[in-house]
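The values are calculated or read from the model by the stated rules, or taken from the named source; none is laboratory data. Only a predicted model underlies this, so the values are computations on that prediction, with no experimental measurement involved. Cβ placement follows ideal geometry from the backbone for every residue including glycine, while neighbour counts extend to all protein chains displayed. These area figures cover heavy atoms from the full protein model, side chains too; ligands, DNA and RNA do not enter into them. Shrake-Rupley method; radii C 1.70, N 1.55, O 1.52, S 1.80 Å.
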Amino acid sequence: MTTTLPHPMRAAAAALAATVVLGGCAAGAGISVPVLPGVSLGVGVSSGGDVHLGVGTGVGPVGVGVGVNQRGQVSAGAGVGVGTSVGGARVGAGVGTGTVIYDPRDRHRPAASSEEQGGGP
């Protein structure tokens, strides 16, 4: 037997995933909009002032997502939460964790060769 949570719970989980990615482990605020069934696009601001754009999805109370901030850092996150309808909007809250999976300023990345940059040997 398969149990499916009501649409507000799925939407809240997707919003939570976007918020987790958008805020990493820091506090912040964001908003997400469903773009496809089960997929939401979100934008938010962390307590450190970083602006994030992310995409998230969720199944039941569990959500996951990926996002990028204005410095080009790419983050991934996962979380669990609950949601409800308030007026015409869906509101959710939860907890989660996130991590930076790519940072363009990370000096430990190998430099591209001159051939990869378009130069000759």
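So the check is Cβ under 8 Å with 6+ separation or different chains; which pairs have a first residue in the stretch 78-91 that's open to solvent by 80 Å² or more (accessible area, probe 1.4 Å) and a second one that's not in a strand (DSSP E or B)?
82/9; 82/12; 82/61; 90/8; 90/11; 90/12; 90/15
Which of the residues spanning the stretch 67-77 are farther than 13 Å from residue 96 by Cβ and either in contact (Cβ under 8 Å) with a residue 40 or more places away in the chain or crowded, with 18+ Cβ neighbours inside 10 Å (or both)?
Hits for the stretch 67-77 are 69, 73.
Can you go through 87, 72 and tell me which one is modelled with pLDDT of 90 or more and more than 21 Å from residue 39 (Cα to Cα)?
On the way: 87 fails: modelled with pLDDT of 90 or more.
Checking each option against the conditions leaves just 72.
Tell me yes or no: at least one residue of the stretch 96-107 is of a type in the set (Ser, Thr, Tyr), more than 12 Å from the chain's Cα centre (by Cα), within 20 Å of residue 37 (Cα to Cα) and open to solvent by 70 Å² or more (accessible area, probe 1.4 Å).
no
Inspect the stretch 9-25 for any residue being open to solvent by 80 Å² or more (accessible area, probe 1.4 Å) and either at pLDDT 85 or above or hydrophobic (A, V, I, L, M, F, W, C) (or both) and give the result as yes or no.
Yes, because at least one residue in the stretch 9-25 is open to solvent by 80 Å² or more (accessible area, probe 1.4 Å) and either at pLDDT 85 or above or hydrophobic (A, V, I, L, M, F, W, C) (or both).
Working only within the stretch 59-77, note down all residues that are touching a Gly at 6+ places or on another chain (Cβ under 7 Å) and more than 20 Å from residue 104 (Cα to Cα).
Within the stretch 59-77, 61, 63, 64 qualify.
Working only within the stretch 40-61, note down all residues that are surrounded by fewer than 20 Cβ atoms within 10 Å (Cβ to Cβ) and modelled with pLDDT under 90.
45, 46, 47, 48, 49, 50, 59, 60, 61
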